[in-house]
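For reference, the structure discussed in these notes is given below.
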Amino acid sequence: MLRMENVSKIFRTELIETHALRDVNLHIKKGEFVSITGPSGSGKTTFLNLAGLLETFEQGDYFLDGVNVKGMSDNQISALRNEKIGFVFQSFNLIPDLPLFDNVDVPLRYRGFNRGERKERIENALEIVGLSSRLKHLPTQLSGGQQQRVAIARAIAGDPAFLLADEPTGNLDSMMAQSVMELLEKINDNGTTIIMVTHDDQLAKRAGRNIQIFDGQVSDIALDSSDVLIKRA
Amino acid sequence: MLVYNFTLALRSLRERIQLTILMVLAIAIGIGLLITVQTMSYQGDKIPLAHKADKIFFVQADNRDIGAEPIVRQPFMTYLTYRDANNIINADTPASKHTTVWKSDVILNSFDQDVRPFRASTVVTNNNFFSMFDVPFQYGGAWSESADRGAEPVVILTKESNDLLFGGKNSVGQQLRVNALTVTVVGVMAEWNLGRRFYDESYRMGRKDTAFIPDTFAIKNNINRRERLDCLPQDRDKQTAYRTKDVDGLINSECTFVRLWAELPDPNLADQYREFLTQYVMSQKELGRFPRELNNYVTSLYTMVTLRNELNGSRNPLAYIAPLFFIVCLLNAIGILLAKFMRKSKEVSLRRALGAKKWVLMTQYLFEVLIVGVLGGIVGTALAYLGLQGMLHVQIYQSDYAVTAQALSHAFALDWVMMAKSILTAMVSSVVIGLYPIWRVVNIAPASQLKSQ
Amino acid sequence: MEFRPILLSLKQNKFLSLLISVQVMLTVTVLSIATSITVETLKAWNMPSGLDHENIVSVRTQFFDPEVNLANAIVNDVNRIKQIPGVIEVTPNQEIPFDAGRPSKVYLSSEQDAEGFDTNFFDMNVDGHKVLGLTLIAGRFFNQTEVIQSSAEQATPVSVVMISQDMAKELFKDHSPLGKTLYLAKESQPVQIIGVYSNFMNGERLNGRGKSYHTIMRPQVIWQHGNNPNYLIKVEQGSAASLFEPITQALYQTPGRYIYGIEKLTRTQKRMYDGRGSQGAILLVVSLVLVLIAGFGVAGLVSFLITQRQKQIGIRRALGATKWSVIRYFIVENSMLTIFGLLMGTLLTMLFSYLMTQGSGQSFLSFSQVLYCSVFIWLINIAAVWLPARRAAKVSPAIVTRSA
């Protein structure tokens, strides 16, 4: 599903080279729910950017759904990002000028779906997150939790191969955070792979697998999957 | 506090100085064109002889045939017949002075064979002309009343014609020829800055008349009439002869070609003068003249010029374009201002969080736009000066270099009134364009921008 | 195309959007008015003169002494000028090319309601066509016996005339004008057309009516005090300026006269066009400066909008927008505002042209001009958006994970 082999990311300035990520080897399978943790500055965000195809990398290979993204043009990467990846961010990143319906619509337009299909997908996605009655509201008219649900709806509307969640509950209070997590788990249950970056160990434990990043290096810790299964039941 | 705000405003203008310069330029270019055009029409619309424009009156009475065209533009109707003009001058009227004006072209030629003759646009008038219209003299003065009565061969030259004929020397008492007639110079006019030449209703600015001769002399010697003769239909075939040959026929005919100007000691006597004119025309009607309904006009110079200005007003397309141009420049300035202010959102919300009141911020930004406005006004005035110089030269080019820059420069002069107007306009418009950006910036919630840091 | 999201987004940025539209509106108004007037003014601008105008000199002269014997004076003038080295031909004439006076009307029949055709008469002697360097198109030139030389009082009307090519076309379409008759005024004797000559420019008045070459040549030299002939002189290549003084001196040999102008026809031609030319140039320069300013303004506003929307652009990129679709977004957005502004501007232009022509009632506005101006401004605006939009496309999608 997602496989990184010896991926490195180096930031260069005139004076120094910083290895933000060093020789990352990683394999995430379809349907997994993986949490990524690590202290600030450890390379979490860089990993997220690489995994989400938001940044390019210098060394190694990155296979997404069996395709090596290395050396792809910007246009190809954009298309791949659009098709394979759904994003959920800490600060929601909704487009403030657009009502819910049109926010969810954004990636679908880039995908090139026709109008009917877009409408159906938008309505479905908003149905899943429980906001189908508020299509015409602007993001600012919603609570934080609701905004994050819209973001999730936007992320899943295009049926991505995996969902990349960056501190999805970081800006939310615990009640809302709980419901957002439940939503993500529900989506995971439906077969969507989820990679979630968080600094919250409690949340991280709810994932099936935890990857820790320290100083640009990845260590993979498989959680007790039975533990996870019990919780969800 | 105000001083503090002022220094803040100055500092803010200095940072991102390119934007400030752009803004000043936007306002300046708009102002430049606007003031250029406005100065031209302001100078062009100025009332000549303003201090007595309410006491000088143009006298018209309609002596055309019944079938003549109706009068649509009053000041450009008809003139008087020679006979009527003289009857009125000799009658008992409320006017203190009268003068008549008609135009001719004569050839002035010196007895000195080395001086080549030249054609002078000539005013044919009486001696009151010079006192009524405040003509300044360099040498000598107006001819006497007896010269009018005796049709004496006298001429008044202008500085220009005196330069050509006598090399600029005092030529009073000298002789020269008007066409083939020997005449004596009685006066040489000093530079006469009339603005527009109203007395022959041409309202010309550039080329000046260069000779003045008595009406009685011109009639006696059959000096050609360079005038539109308006005759009754039965006389139309004689018009050409009347213009160049048959002067006796002309002065006894019903053809109009004489402009009559009256000076009243008091503007309020105009009604009395109108009453007189009505009486006169009625008396002439009894003689079978003035076949039409009464169309008499006694119009002050002030009104004449104003009517003329109204007719001219809508001609220049630039007069329409300049304000639009200015607005576009202002819209640009708004955009720049908005961009400049919104960049400072964080600073503003921080200040607000630290307790700055709205009005305090408002004065700071108001200072900022006012400074921009004043700078724009100053640069704009300079641009307007350049624009006017350019227009002056275009005008000279258009007249095929027949007019000198000196003769025209008053029509393109930027005076204190227009400079003040320029800077004031710039300041007012800078405040107007500042309104929305300032309103936006002072309404930024305190610390709203800090949250996401 | 993403019209819907753009419209929704514009709704949230009403002020700035309006600013752009209003700018476009005013700019297209000014540009349309200016170009329409200019095109109208420069109609028939600098048409071929049909003359070797650099080598033809015109002299305007006047006798102020009524005692001068005009018949002798004219004969003397012509002889004296001819003797000057460098002079090739000379003819007395009334009208001067490029400066012909009020047009006259000629008629094809003597009926009271016959249609009149505008023209300018050129009265010259038998050498007239040589001075102007006209080519014979059909028929023949005048011969000496046909030329009437007389004072105005004793003159008999001419019996033959020549007409210009364009005049022939207007009067007789494709038929041959040779031998046809023409009435040079209402209730006059008919004259016979004996030849057609090549076109040359008459003057401002008929040029303004699209009849620049409508002339009729009459074989006559008529004099009268106060209305005596000018001279047209054909000179050797390049010698015109140096001949002004000898010609002037030759003419001043007759006393009692005044010469008020001697110039090359080139100068006359310049005078015919320079008023219009400079007005048109001023209007065009002003409106081009305006377009430039408005272009900068639009670029500035768009660049401000883009700075404000950095994050949004990053989000779009993250959600799969290609660089091109970011650029396209801004171009489409700007074009929508521009087109709205252009439509409003067209209405405003109509209003203004109505106001400006209320006096004369003659509309100068042409819709094709407005259309050209609109397209031009649209292109300028696309260019103005292009640079900031390219910058927008460079916004990294990774911006979305920052500052979170």
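The values are calculated or read from the model by the stated rules, or taken from the named source; none is laboratory data. Predicted model, so just to flag it, every value in this text is computed and none were measured. Don't worry about glycine lacking a Cβ; one is built from the backbone with ideal geometry, like all the others, and counts go over all protein chains shown.
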Those residues of region C:156-179 which are touching a residue at least 40 places away in the same chain (Cβ under 8 Å), closer than 25 Å to C:D113 by Cα and not in a strand (DSSP E or B), in sequence order: C:V158, C:D166, C:M167, C:E170, C:L171, C:L178
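Any residue at all in region C:331-345 that's within 14 Å of chain A (Cβ to nearest Cβ), in contact with a Pro (Cβ under 7 Å, 6 or more places away or on another chain), over 14 Å from C:L18 (Cβ atoms) and in contact (Cβ under 8 Å) with a residue 12 or more places away in the chain?
Step one: of region C:331-345, the residues within 14 Å of chain A (Cβ to nearest Cβ) are C:332-333.
Remaining after also requiring in contact with a Pro (Cβ under 7 Å, 6 or more places away or on another chain): none.
Looking for residues that are within 14 Å of chain A (Cβ to nearest Cβ), in contact with a Pro (Cβ under 7 Å, 6 or more places away or on another chain), over 14 Å from C:L18 (Cβ atoms) and in contact (Cβ under 8 Å) with a residue 12 or more places away in the chain, one finds none in region C:331-345, hence no.
Determine if region B:148-159 includes at least one residue that is among the small types (G, A, S) and surrounded by 20 or more Cβ atoms within 10 Å (Cβ to Cβ).
Taking region B:148-159 and keeping what is among the small types (G, A, S), we get B:150-151.
Narrowing the set further to residues that are surrounded by 20 or more Cβ atoms within 10 Å (Cβ to Cβ) leaves none.
No, there is no match, as no residue in region B:148-159 is among the small types (G, A, S) and surrounded by 20 or more Cβ atoms within 10 Å (Cβ to Cβ).
One line per residue, one yes/no per condition, for (1) within 30 Å of A:R109 (Cα to Cα); (2) crowded, with 22+ Cβ neighbours inside 10 Å:
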| residue | (1), (2) |
| --- | --- |
| C:G256 | no, no |
| C:L265 | no, yes |
| C:Q269 | no, no |
| C:G275 | no, no |
| C:I282 | no, no |
| C:L290 | no, yes |
| C:K311 | yes, no |
| C:M336 | yes, no |
Inter-residue pairs, beta-carbon under 9 Å, first without any contact (Cβ under 8 Å) to a residue 24 or more places away in the chain and in region C:12-41, second of a type in the set (D, E, K, R) and outside any helix (DSSP H, G or I), 6+ apart: C:Q12/A:D97
Residue check for B:N221: in contact with a Leu (Cβ under 7 Å, 6 or more places away or on another chain), at pLDDT 90 or above and surrounded by fewer than 19 Cβ atoms within 10 Å (Cβ to Cβ): yes
Condition check for C:T41: within 14 Å of chain B (Cβ to nearest Cβ), closer than 30 Å to C:Q224 by Cβ and not acidic (D, E): no
Residue match in region A:143-152 (condition: touching a residue at least 12 places away in the same chain (Cβ under 8 Å) and at the interface with chain C (Cβ under 8 Å from one of its Cβ atoms)): no
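Any idea how many residues of region C:130-155 are in a loop (DSSP other than H, G, I, E, B) and modelled with pLDDT under 90? Working first, answer last.
Within region C:130-155, the subset in a loop (DSSP other than H, G, I, E, B) is C:133-135, C:140-143, C:147, C:152-155.
Next, from what is left, pick out any that are modelled with pLDDT under 90: C:152-155.
Looking only at that region, the number is 4.
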Filtered residues of region B:93-107 (kept if touching a helix residue (DSSP H, G or I) at 6+ places or on another chain (Cβ under 6 Å) and in a strand (DSSP E or B)): B:K97, B:H98, B:T99, B:T100
Residues of region C:73-106 satisfying the condition of being under 15 Å from C:N227 (Cβ atoms) and either over 21 Å from the mean Cα position of the chain (by Cα) or buried (at least 17 other Cβ atoms within 10 Å of the Cβ) (or both): C:A73, C:I74, C:P92, C:N93, C:Q94, C:E95, C:I96
Those residues of region A:119-134 which are surrounded by 20 or more Cβ atoms within 10 Å (Cβ to Cβ) and either aromatic (F, W, Y) or in a helix (DSSP H, G or I) (or both), in sequence order: A:R121, A:I122, A:A125, A:L126, A:V129
Any hit, region B:187-194, residues being touching a helix residue (DSSP H, G or I) at 6+ places or on another chain (Cβ under 6 Å), without any contact (Cβ under 8 Å) to a residue 60 or more places away in the chain and outside the structural domain of B:R119 (by TED's automatic domain parsing): no
Residues that are touching a residue at least 40 places away in the same chain (Cβ under 8 Å) and either touching a Cys at 6+ places or on another chain (Cβ under 7 Å) or of a type in the set (D, E) (or both), drawn from region A:165-188: A:D166, A:E167, A:E185
Leading residue by the ranking (surrounded by the fewest Cβ atoms within 10 Å (Cβ to Cβ)) among those in region B:108-142 that are β-branched (V, I, T) and assigned to a loop (DSSP other than H, G, I, E, B): B:V115
Residue within region C:287-310 that is assigned to a helix (DSSP H, G or I), within 30 Å of C:P397 (Cβ to Cβ), within 14 Å of chain A (Cβ to nearest Cβ) and not hydrophobic (A, V, I, L, M, F, W, C) present: yes
Exclusive hit being closer than 24 Å to C:K311 by Cβ and among the hydroxyl-bearing types (S, T, Y), set C:S374, C:S396: C:S396
From C:Q279, C:Q249, residue being assigned to a helix (DSSP H, G or I), out of contact with any Pro (no Cβ under 8 Å at 6 or more places or on another chain) and free of Cβ contacts under 8 Å to residues at least 40 places away in the same chain: C:Q249
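Which ranges mark the helices (runs of 4 or more DSSP H) fully within region B:286-360 that have 1 or more residues being under 25 Å from C:R309 (Cα atoms) and more than 10 Å from chain C (Cβ to nearest Cβ)? Break it down stepwise before answering.
Values: elements: B:301-313, B:317-343, B:345-353.
Counting at least 1 such residues, we get B:317-343, B:345-353.
Kindly evaluate C:I222 against the criterion of being outside any helix (DSSP H, G or I) and within 25 Å of C:P177 (Cβ to Cβ). Please lay out each step first, then the result.
Details: outside any helix (DSSP H, G or I): yes; within 25 Å of C:P177 (Cβ to Cβ): yes.
For C:I222, the condition - outside any helix (DSSP H, G or I) and within 25 Å of C:P177 (Cβ to Cβ) - is met.
How many of the residues in region C:314-325 are among the hydrophobic types (A, V, I, L, M, F, W, C), assigned to a helix (DSSP H, G or I) and crowded, with 24+ Cβ neighbours inside 10 Å?
Our first condition is that a residue be among the hydrophobic types (A, V, I, L, M, F, W, C); within region C:314-325, this holds for C:315, C:318-319, C:321, C:324.
Next, from what is left, pick out any that are assigned to a helix (DSSP H, G or I): C:315, C:318, C:324.
Okay, now just the ones that are also crowded, with 24+ Cβ neighbours inside 10 Å, so C:315, C:318.
Number satisfying all stated conditions: 2.
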Test: residue in region A:191-204 that is modelled with pLDDT of 85 or more and on the phi > 0 side of the Ramachandran plot: yes
Hits in region B:219-253 (condition: touching a helix residue (DSSP H, G or I) at 6+ places or on another chain (Cβ under 7 Å) and either hydroxyl-bearing (S, T, Y) or under 27 Å from B:S300 (Cα atoms) (or both)): B:R225, B:L229, B:C231, B:Y242, B:I251, B:S253
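Conditions tested, residue by residue: (1) under 24 Å from A:L64 (Cβ atoms); (2) of a type outside the set (A, V, I, L, M, F, W, C).
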residue: A:Q90; (1), (2): yes, yes
residue: A:L98; (1), (2): no, no
residue: A:F101; (1), (2): no, no
residue: A:R121; (1), (2): yes, yes
residue: A:R134; (1), (2): no, yes
residue: A:Q146; (1), (2): no, yes
residue: A:I152; (1), (2): yes, no
residue: A:T169; (1), (2): no, yes
residue: A:E182; (1), (2): no, yes
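Right, C:E40: in a helix (DSSP H, G or I) and of a type outside the set (A, V, I, L, M, F, W, C) or not? Give the steps one after another, and end with the answer.
On the way: in a helix (DSSP H, G or I): yes; of a type outside the set (A, V, I, L, M, F, W, C): yes.
So C:E40 passes the test.
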